[in-house]
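The structure under discussion appears below in the form of structure tokens.
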Amino acid sequence: MNTLQLITIIVTLDSSTNNAISALNHASVPNPLNPIWAVLAIILLLPLFAFIFPSIKSVLFNKLHWWALGVWILGFILYSIGFNKDGSANFMTLALRATISSLEMFTSHSDLLEVKHECHINKLYMLLFAITHFMAVVISAAFIVRVIGIRLISKISILRKWIFIRYFKSNETNGEDLYVFWGVNHNSILVANSIKPNDGRKHCIIFINLPGEHCANTHSSHSPLSLLFNTSDDDVKKYIGAIDNMGAILLNAKRDFAKESFKDLNGDNVSIFNSLGISFCDEYIDILLQDGENRVQYFFLSDNEEANTNAIITLNDIYHKAEKKPNIKCYCHARSNRMNSTIIDSPGLTGQIYLIDSSSLAVLSLKHDVNSHPVNFIDIDSKTCLAKSPFTAMVIGFGEAGRDAFRFLYEFASIPQNDLGEENPKTIYVVDEHLSSIKEDFLIDAPALANENKSHWWIDSSTHSKHFWDNLKSTINALNYIVITVGSDDEAMNLAIDLFEFAYRYRDNMHHFRIYVRVRNSERYCNLERLYDSYIIPFGSDESTFSYNNISEDVAELGAKKFYYAYEKVRLEGYEAGRKIDFNDETVKKEVDKNWTDRRSNLVSPNNDLITRKYNLIQLHYQEIQDMSNYYHIKTKRYLAGWKKGGQLSPIQCSNLANCEHLRWNAKIELLGFVSDISNTTNEQLCSTKDMRKRIHNCLVDCQTLKNGPNKDSEKYDRIAVKVSFISEFDN
């Protein structure tokens, strides 16, 4: 029975007879307790019990919407009876009036004066009416209590931490990691929820609610009704439950994170939190950092890139003037372009700030999984580590994510087809309806790709045009790999399904064929991969992109650090493949970090002039990016060799894998903007010229030219990379 049917029955009964009211008048009603004391008791005990007993808090807060719905339905019924004075009220009018009045109960408003007299003198009706209104007010109050309560508990928590660490030198903060999220938003909640230390360390999560992000104290200007139905999409209240459940601290800043807020700071007094009107945090963090084992990390993860980068500029400016720089790490959600890279490299917290490029991280998930590497989509001969069929891919949508997908495929599809190291044919089609302008911008950064024949640009071709599908018909049979990074999730997924149906119709078979489509909301498409038997694979969801393990510098660079450390061991000390390097040993961990930071400090010094600093930054970027690529390329090399744990490589495998490494290196260095300039270069100079300023590297040649040239000894670096790829540490 639905609500409208119930109203109809009530109205009909009331129209035909007044027996219902008489029955209510003669009903036996128990004497209730004094309502004033009951109200006071509930108001005083509700917050206390809610925050002391988790089970009560769960019933009160997590199920609050269901409680609200039940109270609203009861109010609707009571008002329907009370407004039907003569039994002949218009049904639609009665329903609308009852609906509005029952909603207004949550704003502490009552329409009792409009209820008919018979109900006023009915004790049971008035008791139910009072209880219903009281419950509506309690539910509205509970929403407010949750917001106020978590703020109060948070203030007490940070005060307790400060007192214990300041006056009692408590050991409870030893080995504690502190994560400070500047701004309460969807991205920061996802990252915070994914922080789960597995090494026994304690951690504390603090959210700073900035004024620009609709502070919780603005709730005073909202009605309880707006609290009930979450009418503001960007208000912090919708994250209160998540913050509460993870046991995090929520503090409210009185001022925004802008330079004006820190104008009174000087070199001896860098109190960032105090400047924003947040007490106790500065000294707590200072004492926390005195223990070298504790880690402090700041996160600026809103979707407002300008606000994030402005915060980083402000931090750099503050600590550039400070005498002592804190040992903190900062993560800034912004694109990895030249301007933003310049911002994070400016003096201040140099080397302690990391850009979080969500588009790049989305594609990084493809690098993590060897099943998504191009080597999986061609025929190979594992005994010789050679490709036996060409690789053909298509990237649809050449925005940030599309360009990163192109770079990944262009680099990782570089595989030899014979013992001479000649590259296996690879073709990548690029489709975008605005490609004419985007392409030129891209090729300015990667000029070596302007004259090669591996990339095919479908200029200004829309997937909604007949021209696109006609062209696709001639290429669909050769396609192995399609990446879609366009528009909304629905648009991208609809295109993926259309492409699958097209491939199913026009391909000879579905062997070595997959469609990867970037979707941000993984929940909606969680069953899609299963429904299409993994021919359509979603990637790059917000949940996976904004996870701590995906954005953390400690995790993202850990593999590259290890690769660089192992590479230097092999290069300098002759470590052989299969020899164990215990990266879990504390001494080795420190050496790994030291090698990485030493290279940075040796190349980039704040005392260098601009030209020298720029030159060294290019060289450092080139080396670190190659280490990262080599770490992920380990999986391609092992798959190409059909390698099993404990196996041995044959000489021919080692030779062809070295060729594969050189082809990968060539592709990567081209993507980094380098070219091979052999004009006006003598044979003796060939392969010895390297100019980071002009982006010239004359080792950018084919495998045979490298082996037979005057600088043929550089081939050993490719062989070292192969050896490192098969040491046991990288088995998992």
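The values are calculated or read from the model by the stated rules, or taken from the named source; none is laboratory data. Keep in mind that this is a model prediction, so the values were computed, not measured. No Cβ is skipped: glycine too gets one built from the backbone with ideal geometry, and neighbour counts run over all protein chains shown.
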Original post:
Failed condition for residue 486, given (1) farther than 24 Å from residue 378 by Cβ; (2) part of a helix (DSSP H, G or I); (3) hydrophobic (A, V, I, L, M, F, W, C), with all others met?
Top reply: (2)
**OP:** Please specify each residue of region 705-722 satisfying the condition of being exposed (fewer than 14 other Cβ atoms within 10 Å of the Cβ) and either at pLDDT below 90 or in contact with a strand residue (DSSP E or B) (Cβ under 9 Å, 6 or more places away or on another chain) (or both).
**Re:** 708, 710, 712, 713
**OP:** State the number of residues belonging to region 548-581 that are modelled with pLDDT of 90 or more and outside any helix (DSSP H, G or I).
**Re:** 0
**OP:** Just give me the residues in region 497-512 being farther than 13 Å from residue 479 by Cβ and either of a type in the set (Gly, Ala, Ser) or in contact with a strand residue (DSSP E or B) (Cβ under 9 Å, 6 or more places away or on another chain) (or both), in sequence order.
**Re:** 497
**OP:** Please tell me if residue 303 is in a helix (DSSP H, G or I), in contact (Cβ under 8 Å) with a residue 40 or more places away in the chain, acidic (Asp, Glu) and on the phi < 0 side of the Ramachandran plot.
**Re:** no
Subject >> Scope region 368-397; condition surrounded by fewer than 20 Cβ atoms within 10 Å (Cβ to Cβ) and either in a loop (DSSP other than H, G, I, E, B) or among the charged types (D, E, K, R) (or both); matching residues >> reply: 369, 379, 381, 382, 383, 384, 388, 389, 390
**OP:** With the checklist (1) in the same structural domain as residue 484 (by TED's automatic domain parsing); (2) of a type in the set (S, T, N, Q); (3) touching a helix residue (DSSP H, G or I) at 6+ places or on another chain (Cβ under 7 Å) in hand, flag the one item residue 550 doesn't pass.
**Re:** (1)
**OP:** Go through (1) in a helix (DSSP H, G or I); (2) among the small types (Gly, Ala, Ser); (3) at positive phi one by one and return the number of the condition residue 261 breaks.
**Re:** (3)
Subject >> Total residues in region 605-645, condition without any contact (Cβ under 8 Å) to a residue 60 or more places away in the chain and either assigned to a loop (DSSP other than H, G, I, E, B) or assigned by TED's automatic domain parsing to the domain that holds residue 413 (or both) >> reply: 5
Subject >> Subset of region 426-473 (residues that are aromatic (Phe, Trp, Tyr) and in a strand (DSSP E or B)) >> reply: 429, 457, 458
Subject >> Residue list for region 698-722, restricted to those being in a helix (DSSP H, G or I) and aliphatic (A, V, I, L, M) >> reply: 706, 720, 721, 722
**OP:** Search region 417-469 for residues being touching a Leu at 6+ places or on another chain (Cβ under 8 Å) and of a type in the set (Val, Ile, Thr), and hand back the single one that is surrounded by the fewest Cβ atoms within 10 Å (Cβ to Cβ).
**Re:** 459
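Regarding residue 409, is this residue modelled with pLDDT of 95 or more and touching an Asp or Glu at 6+ places or on another chain (Cβ under 9 Å)? Lay out the reasoning, then the answer.
On the way: modelled with pLDDT of 95 or more: yes; touching an Asp or Glu at 6+ places or on another chain (Cβ under 9 Å): no.
So residue 409 fails the test.
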Subject >> Of all residues in region 81-131 being part of a loop (DSSP other than H, G, I, E, B) and among the hydrophobic types (A, V, I, L, M, F, W, C), the one that is modelled with the lowest pLDDT >> reply: 89
**OP:** Within region 345-361, identify whether any single residue is within 24 Å of residue 608 (Cβ to Cβ), among the charged types (D, E, K, R), surrounded by fewer than 21 Cβ atoms within 10 Å (Cβ to Cβ) and not assigned by TED's automatic domain parsing to the domain that holds residue 441, and answer yes or no.
**Re:** yes
